[in-house]
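Participant: Take this structure, written in structure tokens, and hold onto it; I'll ask about it next.
The values are calculated or read from the model by the stated rules, or taken from the named source; none is laboratory data. Small disclaimer: the values here were computed from a predicted structure and weren't measured. Note: ideal-geometry Cβ built from the backbone for every residue, glycine included; neighbour counts use all protein chains shown.
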Amino acid sequence: MQPILVTGGAGFIGSEFVRQWIALERSAVINLDALTYAGNLDSLASIVHDPRYLFVQGSIGDESLVRALLREHRPRAIVNFAAESHVDRSIDGPAAFVETNVVGTFRLLEEARHYWSNLPEQERRAFRFLHVSTDEVYGSLGPTGKFTEATPYAPNSPYSASKAASDHFVRAYHHTYGLPTLTTNCSNNYGPHQFPEKLIPLMILNCLEGKPLPVYGDGGQIRDWLYVADHCRAIRLVLEQGRVGEVYNIGGDCERTNLEVVETICRAVDELAPGDERGGRARLITHVTDRPGHDRRYAIDFDKLKQEFGWQPSETFESGVAKTVDWFLGKNAEGKTTAVDAARLRRGVLMANSGL
């Protein structure tokens, strides 16, 4: 079978998708990643010698590189994970988010359009461009209701504005040029291999190090949490069975306040890494000044995905957090600590402590 081209496949969600693809699918994967701060080839160590896997370092904004990859490997699909993805970073430096998420996606779409338009008819019909996005493009919800695929966009941070712009470009390329696109909008992901600037891995690492657990404001912001392996199962379904031009929301059916998330992590770390003799890790929770434009609540309605494909998440929040804590503790499926995972943990602690 023809391969697929995955962009951003060394990142957190992208690497899970690539590992899952190699484990469960027959065709090969070309992984294009710029290896910025959040890219980590260690997360792909288990498949690096698989003959169906090829890594190429480079940016989605490099038109000549993308063009060469498309001509050489003739992929039947492009799955675009490449993005700057941290809200706090986007507030401090929005330019990088515009460059990667907006300009980069536009350039990738242009190369995809030219490639697709010159394919033989049968390959043209089979080709797909799947763009992975976020629920943050929808803005903030009140105390009730959920985001659907028809919810108007109302981004409130430079990050979500850049993702909204990229989503609109994907939609426009389908409606203007006929490019067979698919878009997925997901809720907050978590799981093994996540870069420690995000809430859950940072809190796990701080728990293990006995450091403060900073919670924005009153901690009442609500997010819908999605285990990364469940998310990637859904993306594979959309890629193979989704209707061209459609948007599919992917959620975890798992709403928690930020404070509840941190409290759940504290309980899991207390259980899986006992040894704190001063009343448990929850004593480390510290409330800090809220960030500007902090959306109060996100929640995803994924009924469309459920009805069309029968998909639903397999992990509860508690089971997913336990698996994530186990990974950061360096434990394998049998509960044994491995040298490789312990080394990853040490690198993660260093990155978290450096403020990255």
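Participant: Is it the case, given these coordinates, that ASN31 is closer than 20 Å to ARG89 by Cβ and touching a residue at least 12 places away in the same chain (Cβ under 8 Å)?
Facilitator: In short, no.
Participant: I would also like to ask the following. Determine which single condition GLU72 fails, assuming it passes every other condition in (1) surrounded by 20 or more Cβ atoms within 10 Å (Cβ to Cβ); (2) free of Cβ contacts under 8 Å to residues at least 40 places away in the same chain.
Facilitator: For GLU72, the exception is condition (1).
Participant: For segment 83-95, does any single residue satisfy the condition of being among the polar types (S, T, N, Q) and either in contact with an Asp or Glu (Cβ under 6 Å, 6 or more places away or on another chain) or farther than 26 Å from LEU237 by Cβ (or both)?
Facilitator: The answer is yes; a qualifying residue exists.
Participant: Would you kindly identify the strands (runs of 3 or more DSSP E) lying entirely within segment 188-260 that contain at least 3 residues that are out of contact with any strand residue (DSSP E or B) (no Cβ under 9 Å at 6 or more places or on another chain) and not aliphatic (A, V, I, L, M)?
Facilitator: Strands (runs of 3 or more DSSP E) meeting the threshold: none at all.
Participant: Condition first: surrounded by 15 or more Cβ atoms within 10 Å (Cβ to Cβ), assigned to a helix (DSSP H, G or I) and touching a residue at least 40 places away in the same chain (Cβ under 8 Å). Now tell me which residues in segment 75-102 satisfy that.
Facilitator: VAL87, ARG89, SER90, ILE91, PHE97, VAL98, THR100, ASN101, VAL102 - these are the residues of segment 75-102 that are surrounded by 15 or more Cβ atoms within 10 Å (Cβ to Cβ), assigned to a helix (DSSP H, G or I) and touching a residue at least 40 places away in the same chain (Cβ under 8 Å).
Participant: Going by the structure shown, is ASP326 over 18 Å from the mean Cα position of the chain (by Cα), touching a residue at least 24 places away in the same chain (Cβ under 8 Å) and in a loop (DSSP other than H, G, I, E, B)?
Facilitator: no
Participant: Just one of (1) surrounded by fewer than 23 Cβ atoms within 10 Å (Cβ to Cβ); (2) under 22 Å from TRP21 (Cβ atoms) trips up PRO120, so point out which.
Facilitator: Tallying (1) surrounded by fewer than 23 Cβ atoms within 10 Å (Cβ to Cβ); (2) under 22 Å from TRP21 (Cβ atoms), PRO120 fails exactly one: (2).
Participant: Cβ-Cβ distance below 6 Å, separation of 6 or more or different chains: which pairs start in segment 292-305 with a residue that is closer than 11 Å to ASP253 by Cβ and end on one that is in a helix (DSSP H, G or I)?
Facilitator: The qualifying pairs are ILE300/ASP135.
Participant: Answer with yes or no whether GLY330 is of a type outside the set (Ser, Thr, Tyr), in contact with a strand residue (DSSP E or B) (Cβ under 7 Å, 6 or more places away or on another chain) and at pLDDT below 95.
Facilitator: Answer is yes for this residue.
Participant: If you don't mind, another one. Within the bounds of segment 133-151, is there any residue that is in contact (Cβ under 8 Å) with a residue 12 or more places away in the chain, in contact with a Gly (Cβ under 7 Å, 6 or more places away or on another chain), of a type outside the set (Lys, Arg) and in a loop (DSSP other than H, G, I, E, B)?
Facilitator: For segment 133-151, residues in contact (Cβ under 8 Å) with a residue 12 or more places away in the chain, in contact with a Gly (Cβ under 7 Å, 6 or more places away or on another chain), of a type outside the set (Lys, Arg) and in a loop (DSSP other than H, G, I, E, B): absent.
Participant: Still on this structure, please answer the following. Identify all residues within segment 273-321 that are loosely packed, with under 13 Cβ neighbours inside 10 Å and β-branched (Val, Ile, Thr); write none if there are none.
Facilitator: Correct list: THR286, VAL288, THR289.
Participant: Give ILE4, ILE47 a once-over and let me know the one that is crowded, with 18+ Cβ neighbours inside 10 Å, of a type in the set (Val, Ile, Thr) and without any contact (Cβ under 8 Å) to a residue 60 or more places away in the chain.
Facilitator: ILE47
Participant: If I go through segment 275-322 residue by residue, how many of them are farther than 30 Å from ARG236 by Cα and either part of a helix (DSSP H, G or I) or among the hydroxyl-bearing types (Ser, Thr, Tyr) (or both)?
Facilitator: Looking only at that region, the number is 6.
Participant: Condition check: free of Cβ contacts under 8 Å to residues at least 60 places away in the same chain, outside any loop (DSSP other than H, G, I, E, B) and either of a type in the set (Asp, Glu) or buried (at least 21 other Cβ atoms within 10 Å of the Cβ) (or both). Does HIS114 satisfy that?
Facilitator: no
Participant: I've got another one for you. Is it the case that THR184 is buried (at least 21 other Cβ atoms within 10 Å of the Cβ), among the polar types (S, T, N, Q) and not in a helix (DSSP H, G or I)?
Facilitator: Considered against the rule, which asks whether it is buried (at least 21 other Cβ atoms within 10 Å of the Cβ), among the polar types (S, T, N, Q) and not in a helix (DSSP H, G or I), THR184 comes out as yes.
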